[in-house]
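I have placed the structure first, in the form of structure tokens, so that the comments after it can refer back to it.
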Amino acid sequence: MLVYGLSAIIALILIFSVVRAGSTRHAASPISWGPCDPSVVNDTSLSCGYFDVPLDYQDPSVGNARLAVVKINATGERRGTVFFNPGGPGESGIAILDQNVDLLLEVTGGVYDVVSWDPRGVGFLTTPGEVLCFDSLAEYTAFFNGTIELRGIEELGSFDNPGDVDALLAQAETMQQKYEEVGQRCLQSPSGKFLKYIGTAATVRDMVAMADALEGPDTPINYFGVSYGTLIGSWFVNMFPERIGRVIIDGVLDPVIFANYEISTHFLHYLVSADTIYKALITGCALAGPAGCAAASEGDGPLDVDAKIQALLKSAYDAAHVNPSAPLTSGQIRTDLFFDIYSPTNWSALMNEGYLAAVQIINSEAPGNGSLHERSSDLTSSRGFVKRVSNDSPSYSPPAIWCADNVDLQGTTMADVFRSIIAGTRNISHIFGAGWYTQFYLCSFWPVRSVERYQGPFDKTLANKIIIGSNTYDPITTLAGAQRLAGLLGDDAMLVRLNGFGHTAIVGEPSTCIRNIYSAYMTNGTVSTGV
């Protein structure tokens with residue numbers, strides 16, 4: 001997730017101080033583009049602006065939201081606009097676009113303007129912006145002190161030990177009370193009155209409104225979304241099937257599971273490939289040997305490397321049972337390891353610097369923040385999907401979006417959530433099932449749902465064929481989810497599969513083949529078969 005410092009936030013506000021849109025009606029005029037501040041947006045060729053939209057498209061009297069928007073200008077003869085969402089939810093479209101200008105120009109062939117934005121609930125430029133429910137990290141830490149929110153779940157052997165099961169279930173009442181209180185804190189925060197206007201359906205309608213302003217009403221809309229951006233994509237193509245231009249969604253979050261089940265109790269169904277990716281990680285380490293992987297000794301095979309990882313988890317587990325303040329727990333290692341398998345390009349740092357740091361912390365009980373993840377070179381995500389913003393305050397924007405979109409409250413208890421974790425660890429992911437993923441487990445206790453949610457159908461007839469991309473082995477957005485959506489859309493979708501590891505085909509394991517397929521589709525409409 002994106003991490004903001006206070007100085008960066010102030011600078012971000014300055015980016016847009018000279019380009020605020022004058023109109024409060026979203027259809028009145030196109031975006032007034034202006035230069036971005038080069039101290040925050042590195043590429044000075046980018047343009048920035050604001051765009052106003054109704055908070056509630058069914059009730060304009062509620063007032064307006066204001067979206068912070070950024071644009072890459074086409075480098076060739078302009079054919080229109082491609083809208084881009086980088087996922088999350090909670091990721092800043094402004095920041096991610098700025099970091100990936102060359103990639104986005106390559107994918108779109110340079111013949112489109114590429115527009116992204118900070119959606120509702122994201123950042124401090126869009127209104128409504130970041131959802132903050134605690135005043136500081138210290139307040140958050142004190143609130144959750146001694147709970148699995150900070151320490152993770154302690155277990156070994158897929159909950160084979162009845163004591164681990166009992167210990168987890170014993171925390172259910174406390175964690176349910178904490179999460180219910182968090183929900184109320186968020187409702188009472190300055191963001192509280194906006195929570196029901198945050199969500200994916202609103203983001204889809206915001207994109208359509210921008211397309212109307214930039215390209216004209218009823219024109220085809222082009223879109224590129226990855227990870228959570230594929231949920232925006234699958235909702236968009238079914239909410240507005242007649243407006244589909246050239247659309248690529250890569251790393252598909254299964255919209256059918258999401259529309260029909262509580263994510264708190266079904267999240268682990270998204271982890272069906274995670275243990276296979278773990279096997280690839282330890283196999284790569286064994287093949288690299290001690291010269292390339294600190295977790296390997298001469299002559300080690302994958303099972304030997306796995307034994308060392310399991311020994312590391314057991315050492316942390318034992319230390320935490322002796323000392324409740326141990327600096328690194330098995331639960332923290334497990335959760336951090338999950339995020340670090342997202343991209344094979346980070347695996348070397350994970351299995352060298354990250355592994356050695358964890359061993360040192362456990363053996364010496366050196367003080368630390370309990371994060372194997374933050375001791376490797378991959379700093380792109382945060383433990384449990386909780387991101388930090390100004391003053392290190394934890395942001396609740398990701399769960400605010402997920403939970404607002406999810407099914408109505410079902411009376412699920414935290415004991416029910418814990419039982420689903422136990423079952424998922426035993427039956428779906430032995431390695432990562434017992435990770436603690438706040439963003440999802442909070443939803444059964446989140447007090448708000450969005451004023452509009454799209455829950456299907458997902459088989460509409462589209463104006464143009466779209467591309468659905470996937471890695472064969474993605475740790476969280478599975479090939480099965482991509483196949484399901486492609487099957488529902490039939491001849492209106494082409495599934496493109498990369499036989500690789502990592503989260504999304506375009507980023508997880510960079511592939512020239514994938515980029516060429518995407519670029520050919522965007523520039524001349526060629527729809528290639530899968531790889």
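The values are calculated or read from the model by the stated rules, or taken from the named source; none is laboratory data. Because the structure is a prediction, the values reported are computed rather than measured. Heads up, the Cβs are rebuilt from the backbone with ideal geometry, glycines too, and the neighbour counts pull from every protein chain shown. To get the accessible areas, we keep the full protein, side chains included, count just its heavy atoms, and leave off ligands, DNA and RNA. Shrake-Rupley method; radii C 1.70, N 1.55, O 1.52, S 1.80 Å.
Within the group 121, 157, which residue is small (Gly, Ala, Ser) and at pLDDT 95 or above? Being small (Gly, Ala, Ser) and at pLDDT 95 or above holds for just one of 121, 157, which is 121.
Those residues that are of a type outside the set (Asp, Glu) and surrounded by fewer than 20 Cβ atoms within 10 Å (Cβ to Cβ), I need them from segment 295-307; list them, please. Of everything in segment 295-307, those that are of a type outside the set (Asp, Glu) and surrounded by fewer than 20 Cβ atoms within 10 Å (Cβ to Cβ) turn out to be 297, 299, 301, 302, 303, 307.
Which of the residues spanning segment 61-98 are in a helix (DSSP H, G or I) and under 23 Å from the mean Cα position of the chain (by Cα)? Hits for segment 61-98 are 93, 94, 95, 96, 97, 98.
The listed residues are 478, 512, 461, and the only one of them that is under 30 Å from residue 435 (Cβ atoms), of a type in the set (S, T, N, Q) and assigned by the TED database to the domain that holds residue 240 turns out to be 478. The number of residues in segment 164-178 that are closer than 22 Å to residue 132 by Cα and either among the acidic types (Asp, Glu) or out of contact with any Ser or Thr (no Cβ under 8 Å at 6 or more places or on another chain) (or both) comes to 1. The numbered conditions (1) closer than 26 Å to residue 398 by Cβ; (2) open to solvent by 30 Å² or more (accessible area, probe 1.4 Å); (3) over 18 Å from the mean Cα position of the chain (by Cα) are all true for residue 272 except (3).
Residue by residue, here is whether (1) open to solvent by 20 Å² or more (accessible area, probe 1.4 Å); (2) modelled with pLDDT of 95 or more; (3) part of a helix (DSSP H, G or I); (4) within 22 Å of residue 88 (Cα to Cα) holds:
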residue	(1), (2), (3), (4)
183	no, yes, yes, yes
196	yes, yes, yes, yes
205	yes, yes, yes, yes
208	no, yes, yes, yes
213	yes, yes, yes, no
219	yes, yes, no, no
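Any residue in segment 405-420 that is under 15 Å from the mean Cα position of the chain (by Cα) and modelled with pLDDT of 95 or more? Yes, segment 405-420 contains at least one residue that is under 15 Å from the mean Cα position of the chain (by Cα) and modelled with pLDDT of 95 or more. A Cβ distance below 7 Å, combined with a sequence gap of six or more or placement on separate chains, defines the contacts here; from segment 248-274, residues that are of a type in the set (S, T, N, Q) reach residues that are assigned to a helix (DSSP H, G or I) in the pairs 264/417; 264/440; 264/441; 264/443; 264/444; 265/416; 265/417; 265/420. Residues in segment 238-259 that are closer than 21 Å to residue 270 by Cβ and in contact with a Lys or Arg (Cβ under 7 Å, 6 or more places away or on another chain) were compared, and the one that is most open to solvent (accessible area, probe 1.4 Å) is 256.
Of the set (1) crowded, with 22+ Cβ neighbours inside 10 Å; (2) under 15 Å from residue 227 (Cα atoms), all apply to residue 509 but (1).
You will find that of 163, 129, the residue that is under 30 Å from residue 427 (Cβ atoms) and either surrounded by 20 or more Cβ atoms within 10 Å (Cβ to Cβ) or without any contact (Cβ under 8 Å) to a residue 60 or more places away in the chain (or both) is 163 and no other.
The residues on offer are 237, 247, 182, and the sole one that is in contact with a helix residue (DSSP H, G or I) (Cβ under 7 Å, 6 or more places away or on another chain) and β-branched (Val, Ile, Thr) is 247.
The helices (runs of 4 or more DSSP H) located wholly in segment 282-372 that include 1 or more residues which are under 24 Å from residue 270 (Cβ atoms) and not assigned by the TED database to the domain that holds residue 227 occupy 302-322, 330-340.
Yes or no, residue by residue, for (1) modelled with pLDDT of 75 or more; (2) surrounded by fewer than 23 Cβ atoms within 10 Å (Cβ to Cβ); (3) not aliphatic (A, V, I, L, M):
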{"residue": "35", "(1), (2), (3)": "yes, yes, yes"}
{"residue": "39", "(1), (2), (3)": "no, yes, yes"}
{"residue": "64", "(1), (2), (3)": "yes, yes, yes"}
{"residue": "69", "(1), (2), (3)": "yes, no, no"}
{"residue": "93", "(1), (2), (3)": "yes, no, yes"}
{"residue": "96", "(1), (2), (3)": "yes, yes, no"}
{"residue": "99", "(1), (2), (3)": "yes, yes, yes"}
